[in-house]
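The values are calculated or read from the model by the stated rules, or taken from the named source; none is laboratory data. Remember, predicted model here, so these are calculated numbers, not experimental data. Here the Cβ is made from the backbone with ideal geometry for all residues, glycine too, and neighbour counts use every protein chain on show. The accessibility values were calculated without ligands, DNA or RNA, using every heavy atom of the protein model including side chains. Shrake-Rupley method; radii C 1.70, N 1.55, O 1.52, S 1.80 Å.
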Amino acid sequence: MRRAGVFQDLVVDTRQNMEHVRHSKTGSEGRVVRLITNHFRLTCPQWTAYKYNVDFKPDVDDTNLRSQLLFQHERVFGISHIFDGNSLLLTRRLPNQELEFDSYTPSRSTVKITLQLSKELPPNHPDCVRYYNVLFRRTLRQMNLKQIGRHYYDYRKKCDILNHRLEVLPGYITSILPYENSLTLCADLSHKLLRLETAYDLIMRLKENNEYAKIEKELVGSIVFTRYNNRTYRVDAIDWYQTPRDTFPKSDGGQITYVQYYKQKYNECITDVQQPLLVSQGRWKKGRRLMPRSPIRLVPQLCYLTGRTLKEERIFQYKDSFEAIPVADWLKGSQSTSLLRAVSLKHWVILHTQNCVSEAKILEENLNSVTPAMGITLEKAQMREVPGNTISSYIDILKTLIKDGPEMVVCILPDDTKNRYDEIKKYLCVKSPIPSQCVVAHTLTKARTLKTMATKIAQQMNCKMGGALWKVETGLKKTMFVGIDCFHDIVSRRKSIAGFVASTDEELTKWYSQCIFQAPGEELVDGLKNCLQGALNSWLRNVPHAPESIVVYRDGVGDGQLQALLDHEISQLVGYLENECPYSIKLTFIVVKKRINTRFFLQHNRKLGNPAPGTVVDMMVTRQQWYDFYIVSQSSTVGTVTPTHYNVIYDTVCLDPDTVQRLTYKLCHMYYNLSGIIRVPAPCHYAHKLAYLVGQSLHDQPSSLLANSLYYL
């Protein structure tokens, strides 16, 4: 079955089953402020629309070709129409309920098209929303905006930064959806950054010095942009044996060279017929199981570089050191105040190479300087030098260290090579479970930030040893908080990882973690029963009584998956709590959505600014069918702050709006890797960190001996 267009009706009425918010989901606490948002009210045409299903025989995959074939018969159904690739919306009813046409492709083959009346749609029918979006996107195209990915950009207003061989395209992100009182258009600005350098330019520049390995390193894994069709591709390999003079099969069975193809279809001239070809496996979409696809070969001369998108070798150094240095006084306070639960460290090791001796000593000196004020007793570290700089040399010395049973291993890494980091973490998290901390050497050479750096590292080490930094009063007693998030490796197409993290004491200072391996791209999580059972067992080891309620924050799912969550994930949790759990425990399930385009502005003295942290929006741009709200958690002095959207889709705890809003905001203060407020509740971000570490570095189930520590910070 083909998808019914790009836009679907996303509204699942989850509020109807919650009696406590059936009449009102608006909070009453706090101070009322007037906000401006980037939603614009739309009025619907007051006429009936007619939806026709469109069937092609033989089937045609290309949406543009489907449109061309259908519009050969525009004289029959008229020029007032909207076609989404699968169904046709008309303003008038056709004389017959079913019509058949013969259309012809550019190669003169015949395609039979059948139009069949599906339904009549009144002006406010939810199905109309999809067509309004299709119509608006058509309007953007008529304004000469070009589609790149999902959004539209204006090439006429591009800004060239020639010194850096870059150009910036302004554009728009738009969506039309029904909200509390009306249909609205949400419009946000977007900018696309493109490089003027092609993959061919890079190949030729490095080829002069025979730097073929560097060509592979720079291109493989990068994203390129092809202007002839405004599409992006990920480069998975370089085919040095094929050139644009080689042929490939056409859809009609014939053969054509790449030179001929690009000239005929796009009027692009390939000047160097000796250049190699780039290989892309095509996009693998999240939520779909792995499907075999034929590789796409691209000509480097026509592929523009877009810069690195999460280049793997560069990202890990931030994962194990610190998230950010906040400007607030929170961090300063943590440097001079005893931690909530400080863990002494007696037997620990600093591992370093011969070139990083000074950095290792600097780290130990600064840790000794900052830990007394925190209440941490830090014994002298055992310094061990790694003989060589290979991965095997690190693993070999770790094997000898493990016999002595250190409480913590700190590794000073000479650079940010990902493979080395992955193997060290895998050994210390899977094979020989010991809390570990990795620090890139060059981060210890900045004198101005050394004390701050040492403070953050000491805090992380304390958390990984089972300590706690601070706590927040949530207002809910005997409640376990759970975060669930998934990591999808859409690059290597490995198995997806679901992270499950739960608080196991009433102060939210102890945590239980478990991850689940799933089929590639699978978002809905199996095995939640075992995760919850493990979390409850851990809770009962810390607290003499079972929790009375569980609040789950689920990140990483879209609006179209709400019914699937109810049927699949929530049913697992409810089934266990009602049928197998020996305790009476109620459940609240909240969906967290970060990637939204809704923005809020506070007007002051005729100027617009960001709302204050803690601002809640629970009306106007929320949905009637949902128990939902927005929270602005963070402050931003540069740019526009992005709110987070929360949707309570199941609630037997019966949390009133004020309680759930206040609770959610407080949980944004409980993430121990940042002395400040984050965008999502801490359990959510812990689950994200866990799934990311396992999916990016470990590729294996972490040892259960680490399940009760935040080893993934």
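Under 5 Å from the amide H of Gln437 lie the amide H atoms of Val409, Val410, Cys411, each residue being 5 or more positions distant or on a separate chain, with H modelled from the backbone and absent for Pro and chain starts.
Taking amide H atoms as placed 1.01 Å from N in the peptide plane, the amide H of Thr184 lies under 5 Å from those of Leu42, Leu177, Tyr179, each 5 or more residues away in sequence or on another chain.
Straight-line cross-link partners of Lys51 among the lysines, defined as a Cα under 17 Å from its Cα and at least 8 positions apart when in the same chain: Lys119.
The simple spin-label model puts a point 7 Å past each Cα toward its Cβ; for Arg150 and Thr43 those points are separated by 3.1 nm.
Which value in Å does the Kirkwood hydrodynamic radius of segment 631-675 take, with 1/r averaged over all unlike C-alpha pairs and then inverted?
Evaluated on segment 631-675, it is 12.5 Å.
In the chain, the alpha-carbon atoms span a convex hull of 199 Å³ per residue. Segment Arg595..Ile79, full-extension length gain: 182.1 nm, with 0.36 nm per residue of separation and the alpha-carbon distance subtracted. Across segment 424-434, coupling constants 3J(HN,Hα) worked out from phi with the 6.51/-1.76/1.60 Karplus curve, θ = phi - 60°, read 5, 5, 4, 5, 8, 10, 10, 7, 10, x, 9 Hz, and Gly and Pro carry x. Rounded to the nearest whole Hz, the Karplus-based 3J(HN,Hα) values (6.51 cos²θ - 1.76 cosθ + 1.60, θ = phi - 60°) of segment 664-670 follow the sequence 4, 5, 5, 5, 6, 9, 9, with x at glycine and proline. Which of rounded, prolate or oblate describes segment 1-150 when judged by the alpha-carbon gyration tensor and an a/c cut-off of 1.5? In terms of gyration-tensor shape, prolate.
Counting protein heavy atoms only, segment 448-510 has 48 percent of its accessible area on carbon and sulfur, 1.4 angstrom probe.
For the chain, the relative contact order comes to 14 percent (Cα pairs under 8 Å, sequence separation of at least 6). The 3J(HN,Hα) values that the Karplus relation (6.51, -1.76, 1.60; θ = phi - 60°) gives for segment 99-113 are, in residue order, 10, 10, 9, 10, 10, 10, 6, x, 8, 6, 7, 8, 10, 8, 10 Hz. Gly and Pro appear as x.
Calculate the length of the line joining the C-alpha centroid of segment 599-638 to that of segment 491-522, in whole Å. Centre-to-centre (Cα) distance: 30 Å.
Here is how the number arises for the chain: DSSP H runs of 4 or more residues each give -39500 (n - 2.57), the sum is divided by the residue count, and the result at 222 nm is -7000 deg cm²/dmol.
Under 20 °C and 1.002 mPa s, how fast does segment 225-267 diffuse according to Stokes-Einstein, given a Kirkwood radius computed over C-alpha pairs? Answer in µm²/s, whole number.
178 µm²/s
Step through the table entries Lys431/Lys510; Lys425/Lys456; Lys146/Lys689, compare each Cα-Cα distance with 27 Å, and write down the pairs that go over it.
Over 27 Å Cα-Cα: Lys146/Lys689.
With the full set of protein chains in place, find how many percent of the accessible area of segment 626-713 is carbon and sulfur; take the probe as 1.4 Å. That fraction is 53 percent.
Set the Förster radius R0 to 22 Å, insert the Cβ-Cβ distance between Asn537 and Lys431 as r into 1/(1 + (r/R0)^6), and round the FRET efficiency to 0.05. It comes to 0.35. Of the solvent-accessible surface of segment 107-232, computed with a 1.4 Å probe over protein heavy atoms with every protein chain present, carbon and sulfur atoms account for 49 percent. Taking every protein chain into account, the accessible area of the chain amounts to 48 square angstrom per residue (probe 1.4 Å).
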